[in-house]
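One structure below.
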Number of protein chains: 2
Amino acid sequence: MSMPQKKKRGELIVLSGPSGVGKSTVIAELLSSRRDIHFSVSFTTRQPRTGEADGVNYNFVSREEFERMIAADELLEYAEYVGNYYGTSLKVIREQLDQGVDVLLDIEVQGAAKVRERCPEAVLIFLIPPSIEELSRRLHRRNTDEEEVIQRRLEKARQECRECVRYDYLVVNDAVVSAAGEIQSILQAEQSRTQKRLHLAESIIGQD
Amino acid sequence: MSMPQKKKRGELIVLSGPSGVGKSTVIAELLSSRRDIHFSVSFTTRQPRTGEADGVNYNFVSREEFERMIAADELLEYAEYVGNYYGTSLKVIREQLDQGVDVLLDIEVQGAAKVRERCPEAVLIFLIPPSIEELSRRLHRRNTDEEEVIQRRLEKARQECRECVRYDYLVVNDAVVSAAGEIQSILQAEQSRTQKRLHLAESIIGQD
């Protein structure tokens with residue numbers, strides 16, 4: 001066994017789910033009760049939607065700037081999705097985790113697979129809709145996309161749900177508060193994992 | 001992927017921890033808020049302590065009867081501990097799990113290892129004291145054992161804590177309510193494990 005850890009390392013939490021499942025709402029609910037979690041703001045080349053702010057929802061950058069970050073290996077993961085780049089800054093995440101801060105990433109399935117490769121200890125959570133009909137209703141209600149785009153997103157959603165087997169947990173977003181509560185239980189339980197608490201047992205074995 | 005499960009199978013939960021850690025109190029607290037959990041009453045050959053009732057704390061049986069059960073392969077696990085047998089009835093557990101009932105076992109480390117072999121999907125939780133001094137205080141306060149027995153239990157406790165690496169989770173019993181709450185979060189999180197929810201994703205992929 002290793003020596004007792006002086007400082008707890010932060011937990012890297014990955015949340016994925018098909019477009020329209022309600023990830024942003026669940027994240028907002030979660031962060032309102034777990035203010036100690038740092039939400040990692042992704043970089044993207046897509047256009048801001050109405051109400052989205054730079055540095056809050058995303059760091060909006062040009063395609064040129066994004067490709068520079070790829071070349072400089074500044075990204076933990078990145079992926080292209082419906083014609084746009086999305087990515088996560090490695091530097092920011094690493095600093096937070098080292099300081100013991102839990103970091104939440106909102107990324108899609110390709111990105112999550114890359115995080116799993118680089119950080120096997122990350123906790124991967126997949127948010128699924130109660131049904132594909134409900135997902136369709138939510139996408140139409142959002143009223144930001146053309147019908148063709150919605151249909152593409154629904155097909156993409158089905159594909160993404162096939163990838164959920166790579167995740168540690170599946171949470172159904174039936175009601176926002178209970179989905180966020182379920183994620184809280186997951187994070188609490190992950191804190192109790194034996195591998196993360198060996199130092200406690202060691203301190204007992206070592207005492208006289 | 002397999003077909004959608006028609007009926008949820010019960011969760012087999014194993015709770016271990018050194019003598020005096022406060023397992024019974026934590027279990028009572030847990031069961032008061034999770035009345036759907038069935039607590040499996042073990043069989044033992046040890047003498048009842050003051051206040052213990054047959055069929056409630058343990059099924060108290062003779063050494064002859066216990067050895068008959070071993071020979072008839074009626075036990076999921078059994079072990080000898082400080083000169084007495086302790087064991088779990090396989091038949092009762094199996095019926096409960098098949099009916100979708102969660103079953104909680106209070107067994108020691110040898111027994112837990114046997115459960116892990118036979119039921120790899122069981123959730124193994126180890127309850128540890130905040131320190132060995134606190135455990136010593138609790139054993140003395142209980143006032144049921146001779147000093148020599150207490151010293152033997154403390155040495156045994158150190159040995160058992162070395163075995164905690166075989167468990168999925170470590171919960172510190174610092175305060176009963178928070179320890180029971182932590183176990184509740186673990187059980188909630190286990191419900192969200194992808195392997196146990198694949199049927200939900202399948203129903204989404206399968207829909208048109």
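Please treat every number below as a calculation from the coordinates, not as lab data. Remember, predicted model here, so these are calculated numbers, not experimental data. Cβ: placed from backbone, ideal geometry, glycine included. Neighbour counts: every protein chain shown.
Give, rounded to the nearest 20 debye, the magnitude of the charge dipole that the protein assembly as shown has about its Cα centre when Lys and Arg contribute +1 at Cβ and Asp and Glu contribute -1 at Cβ. All intermediate terms of the calculation are to be shown ahead of the outcome.
On the way: 58 positive and 68 negative charges, 29 e Å.
Rounded to the nearest 20 debye, it is 140 debye.
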Practice item. Anything over 32 Å Cα to Cα? Flag those among B:LYS23/B:LYS196; A:LYS8/B:LYS196; A:LYS8/B:LYS91; A:LYS156/A:LYS196; A:LYS196/B:LYS23, in the order listed. Key: A:LYS8/B:LYS91; A:LYS156/A:LYS196
Point to revise | ³J(HN,Hα), Karplus 6.51/-1.76/1.60, whole Hz, each residue of segment B:67-80, x for Gly, Pro | key: 5, 5, 4, 4, 4, 8, 6, 8, 10, 5, 7, 8, 7, 9
Check your understanding: For label points placed 7 Å from Cα toward Cβ, what is the shortest-first list of nm distances from A:ARG9 to its copies?
Key -> 3.3
Practice item. List the distances, in nm to one decimal, from the label point of A:VAL56 to the label points of the same position in every other copy, shortest first, placing each label point 7 Å from Cα along the Cα-to-Cβ direction. Key: 6.0
Study note, to complete from the structure: For segment B:124-135, Karplus-derived ³J(HN,Hα) couplings (6.51, -1.76, 1.60; θ = phi - 60°; whole Hz; x for glycine and proline) come out as 9, 10, 10, 9, 10, x, x, 7, 6, 5, 5, 4
Point to revise | Amide proton proximity set for B:LYS8, modelled H, under 5 Å, gap of 5+ | key: none
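Suppose every Lys and Arg Cβ carries +1 and every Asp and Glu Cβ carries -1, with no other charges. What dipole size does segment A:55-155 come out with about its Cα centre, to the nearest 20 debye?
On the way: 13 positive and 21 negative charges, 39 e Å.
My answer is approximately 180 debye.
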Review point. So what's segment A:58-125 giving for Rg/Rh, alpha carbon basis, Kirkwood Rh from the mean inverse pair distance?
Key: 0.96
Check your understanding: At what distance in angstrom do the alpha carbon centres of segment B:108-140 and segment A:75-91 lie from each other?
Key -> 44 Å
Check your understanding: For the protein assembly as shown, what is the calculated [θ] at 222 nm in deg cm²/dmol (nearest 500), taking -39500 (n - 2.57) for each run of four or more DSSP H residues and dividing by its residue count?
Key -> -14000 deg cm²/dmol
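Quick one: grab the alpha carbon gyration tensor of segment B:138-190, order the square roots of its eigenvalues as a ≥ b ≥ c, and give me rounded if a/c is under 1.5, else prolate or oblate depending on whether a/b is larger than b/c.
Numbers: a/c = 4.37, a/b = 1.72, b/c = 2.55.
Because a/c hits 1.5 or more and a/b fails to exceed b/c, segment B:138-190 counts as oblate.
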Point to revise | Amide hydrogen neighbours beyond the local backbone of B:VAL171, cut-off 5 Å, H modeled | key: B:PHE126, B:LEU127, B:ILE128
Point to revise | Normalised alpha carbon radius of gyration of segment B:104-194 [divisor 2.2 N^0.38 Å] | key: 1.21
Exercise for review: Tell me which residues come under 5 Å, amide H to amide H, from A:TYR85 once H is placed; ignore anything under 5 positions away on its chain.
Suggested key: A:THR45, A:ARG46
Exercise for review: For an R0 of 41 angstrom, estimate the FRET efficiency from the Cβ-Cβ distance between B:LEU90 and B:GLU147 and round to the nearest 0.05.
Suggested key: 0.60
Exercise for review: Report P(r) for segment A:1-137: all Cα-Cα distances, bin width 5 Å, range 0 to the bin holding the largest distance, values in whole percent.
Suggested key: 2, 9, 17, 22, 21, 15, 8, 4, 2, 1, 0
Study note, to complete from the structure: Taking max minus min of the Cα coordinates of the protein assembly as shown on each principal axis, largest first, gives extents in Å of 77, 47, 30
Review point. When the Cα centres of segment B:143-175 and segment A:49-70 are compared, how far apart do they sit, in Å?
Key: 54 Å
Review point. Rounded to a whole number, what is D in µm²/s for segment A:49-208 from Stokes-Einstein with the Kirkwood radius over alpha-carbon pairs (10 °C, 1.306 mPa s)?
Key: 86 µm²/s
Review point. Residue by residue through segment A:46-54, which ³J(HN,Hα) values in whole Hz follow from phi under the Karplus form 6.51 cos²θ - 1.76 cosθ + 1.60 (θ = phi - 60°), with glycine and proline marked x?
Key: 6, 6, x, 7, 3, x, 7, 10, 5
Check your understanding: Counting only DSSP beta bridges with both residues in the protein assembly as shown, what percent are antiparallel, rounded to the nearest 5?
Key -> 35 percent
